[in-house]
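The values are calculated or read from the model by the stated rules, or taken from the named source; none is laboratory data. This is a predicted model, so every value here is computed, not measured. In this analysis, Cβ positions are derived from the backbone assuming ideal geometry, glycine residues included, and neighbour counts consider all displayed protein chains.
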Amino acid sequence: MNLATLSVRATFEADRLRSILVASPNWLGDAVLALPVLANLRRSFPHARIGLLVRPWLSPLFRSLPFVDELVELPRKGELMWAATALRQRRFELALLLPNSFRTALISRLAGIPHRVGYMTDWRGPLLTVGVRPSTGTLLHQADSYLSLLRALKWDAWLRPTGLLLPPESDAKAEKLLTESGLLPHARVIGITPGASYGTAKRWPAERFAAVADRLEERLGTVALLFGSPQEASLTRVVRQRMRGAAIDFGGRTTLTELASLLRRCALLLTNDTGAMHLASALGTPCLALFGPTDPRRTGPLGLGHQVLQNPPSCSPCRYRDCPIDHRCMQGVDVERVVAAAEAVLTRSPMMAETDVRRTPAVFLDRDGTINEEVGAIQRPDLMRPIPGTADALKRLGEAGYLRIVVSNQARVARGDATEELIDATHQRLLQLLQADGGEMDDFYYCPHHPREGRFPYRRECLCRKPAPGLIQQAASERQVDLERSYVVGDKVSDMLLADRMGLPSVLVLTGYGRESLERLHAAGGPMPAHTANDLLGAAEWIVQRRGLG
């Protein structure tokens, strides 16, 4: 546990925890974005009893989660008295508080939970035994903000969108609802969510949703399913009234599980920034998300196959609930642009769709000591010297279908010993030398931060310096990497720790610091590499051979 980034008033031994209560966010979208936390928490504590404190209306959605042993429903009334009695009797040892509210911290305190972990916000610091300071200067996706609570405690946390499991009967339930509404079997349907509970500022005009639905029906024969809460039923009714084509208005008519079943049935969800968007993305339904006052980098849909459309003016993002001027951020997104984007998603070939789902495996490579000679700080690009056999190794990996991606720490930038321009020029020189011998590299990612960054109060937390997983997370998202079939190769202990944290098989090469690293790993009891190779060429042969066996 890195105590320097925390405010700690009561210590505990993490490996002795036997019961953990996770307080779920109360909004649908935020609750879905908390799924990776539950998956990673289970990975860190495979034998602990994990309970999820959840509002009753959200509870049905999470009954099939494999990461949770118990759903603890927060009563609609008298929750403080309930916490002091009924929740106290459950004897949870630690509470992980995902909502930032004072009330959530008070509930866990009244429940007598001895260790209470959460962000130090909303004046609730005295109620926490382990308070985490929110990151400053770094824009995090909401899902990663939740995961940072685990990272601050040095528990397993890798940003991988986690799918939502529905009961086996869900598909049949969706078909029954559609049949009862008069829809023919196997009709192609799209979902539309024209509302947004946060406020009117997030809503695209209702008449434009209607126009898009009509044009998609004319061109592709789709039928629109309109979704919304009971409070949004009047809005879905307006969209339906302005449409000429076929549609089914489910506004205010579905339970949460029925909504999930129908969303999974959709070929596309056209949506504002809503909880239904996050629910659909977790179910694997492609989303075409329209953003205005909010920032998609923080609340955009996670996973593959989604598109975000926006036309941000200088005042966006503003996070106003209702626009005080002319709503230019949403008015600037025109119908033709949305229709074109929707058609692109709906007309993808089966082969392309399958490629999107499967992604491409990668080999994440350390740089110095693995690809090029370890000669200390390289001050000029012409000092780059690839290790013999490296070009052949990269060629072999490329022919086997692997992306070759460098992930390296370059703290010299933070120290002032090098500029980012020098790092980029060095990578270009390395690439030229490799290409001259028939090798290739697909991308370079590096962390420019200081090793001590984030270790002291009020410093920005670095999530990308190895063995932190940020570089691989970024590469996996941008390059559509299949992490299930990927590897980490390097000569340093940090590379092996990174692989272990990501759950990826690792290869330690004995070039560079490899032999010294192997001795340190043996002395520390691991994590040991899945394979040890003399050099990168040996590592490549082992990886390719394993793929052939698979």
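Quick notes
- Qualifying positions in the range 391-427 - among the basic types (Lys, Arg) and outside any helix (DSSP H, G or I): Arg404
- Selected residue [within 30 Å of Gly305 (Cα to Cα), small (Gly, Ala, Ser), within 31 Å of the chain's Cα centre (by Cα) and not assigned by TED's automatic domain parsing to the domain that holds Ala210] from Ala344, Ala400: Ala400
- Selection count, the range 319-346, where residues are of a type outside the set (D, E, K, R) and in a loop (DSSP other than H, G, I, E, B): 7
- Residue count for the range 196-217 satisfying the condition of being surrounded by fewer than 21 Cβ atoms within 10 Å (Cβ to Cβ) and closer than 13 Å to Ala247 by Cα: 4.
- Checking each residue in the range 255-293 for being surrounded by fewer than 20 Cβ atoms within 10 Å (Cβ to Cβ) and either polar (S, T, N, Q) or closer than 16 Å to His141 by Cβ (or both) picks out Thr255, Thr257.
- Residue match in the range 255-270 (condition: basic (Lys, Arg) and either over 33 Å from the mean Cα position of the chain (by Cα) or farther than 22 Å from Ala342 by Cα (or both)): no
- Of the residues Pro324, Pro313, Pro301, Pro296, the single one that is at negative phi, surrounded by fewer than 17 Cβ atoms within 10 Å (Cβ to Cβ) and out of contact with any Lys or Arg (no Cβ under 6 Å at 6 or more places or on another chain) is Pro324.
- Hey, Pro293 in a loop (DSSP other than H, G, I, E, B) and at pLDDT 90 or above or not: yes
- Yes/no for Arg88 being surrounded by fewer than 17 Cβ atoms within 10 Å (Cβ to Cβ) and out of contact with any strand residue (DSSP E or B) (no Cβ under 7 Å at 6 or more places or on another chain): yes
- Those strands (runs of 3 or more DSSP E) lying entirely in the range 201-273 with at least 2 residues hydrophobic (A, V, I, L, M, F, W, C) and touching a residue at least 60 places away in the same chain (Cβ under 8 Å): 269-272
- Taking the criterion of being surrounded by fewer than 13 Cβ atoms within 10 Å (Cβ to Cβ) and of a type in the set (S, T, N, Q), the residues of the range 499-550 that qualify are Asn534, Gln545.
- Of all residues in the range 140-162 being farther than 17 Å from Met120 by Cα and modelled with pLDDT of 75 or more, the one that is surrounded by the most Cβ atoms within 10 Å (Cβ to Cβ): Ala143
- Of all residues making up the range 296-318, the number that are touching an Asp or Glu at 6+ places or on another chain (Cβ under 8 Å) and either within 13 Å of Leu268 (Cβ to Cβ) or in a strand (DSSP E or B) (or both): 1
- Test: residue in the range 468-488 that is closer than 13 Å to Phe364 by Cα, modelled with pLDDT of 90 or more and assigned to a strand (DSSP E or B): yes
- Among the residues listed as Thr193, Thr136, Thr179, the single one being exposed (fewer than 15 other Cβ atoms within 10 Å of the Cβ) and assigned by TED's automatic domain parsing to the domain that holds Phe227: Thr179
- Residues in the range 8-39 that are modelled with pLDDT of 90 or more, part of a loop (DSSP other than H, G, I, E, B) and not polar (S, T, N, Q): Leu17, Arg18, Pro25, Trp27, Ala34.
- Residues within the range 312-333 that are of a type in the set (Asp, Glu) and either in contact with a Pro (Cβ under 8 Å, 6 or more places away or on another chain) or free of Cβ contacts under 8 Å to residues at least 24 places away in the same chain (or both), tallied: 1
- Residue count, the range 45-62 (criterion: surrounded by 18 or more Cβ atoms within 10 Å (Cβ to Cβ) and not in a loop (DSSP other than H, G, I, E, B)): 7
- Pick from the range 400-425, criterion of a type outside the set (A, V, I, L, M, F, W, C) and without any contact (Cβ under 8 Å) to a residue 40 or more places away in the chain, ranking: surrounded by the most Cβ atoms within 10 Å (Cβ to Cβ): Gln410
- Selection over the range 118-129 of residues that are outside any loop (DSSP other than H, G, I, E, B) and buried (at least 24 other Cβ atoms within 10 Å of the Cβ) gives a count of 1.
- For beta carbons closer than 8 Å, sequence separation of 6+ or different chains, a first residue in the range 48-77 that is outside the structural domain of Leu279 (by TED's automatic domain parsing) and within 21 Å of Thr254 (Cβ to Cβ) and a second that is small (Gly, Ala, Ser) and not in a loop (DSSP other than H, G, I, E, B), the qualifying pairs are Val54/Ala31; Leu58/Ala31; Leu61/Ala31; Leu61/Ala260; Phe62/Ala31; Leu71/Gly51; Leu71/Ser59; Glu73/Ser59.
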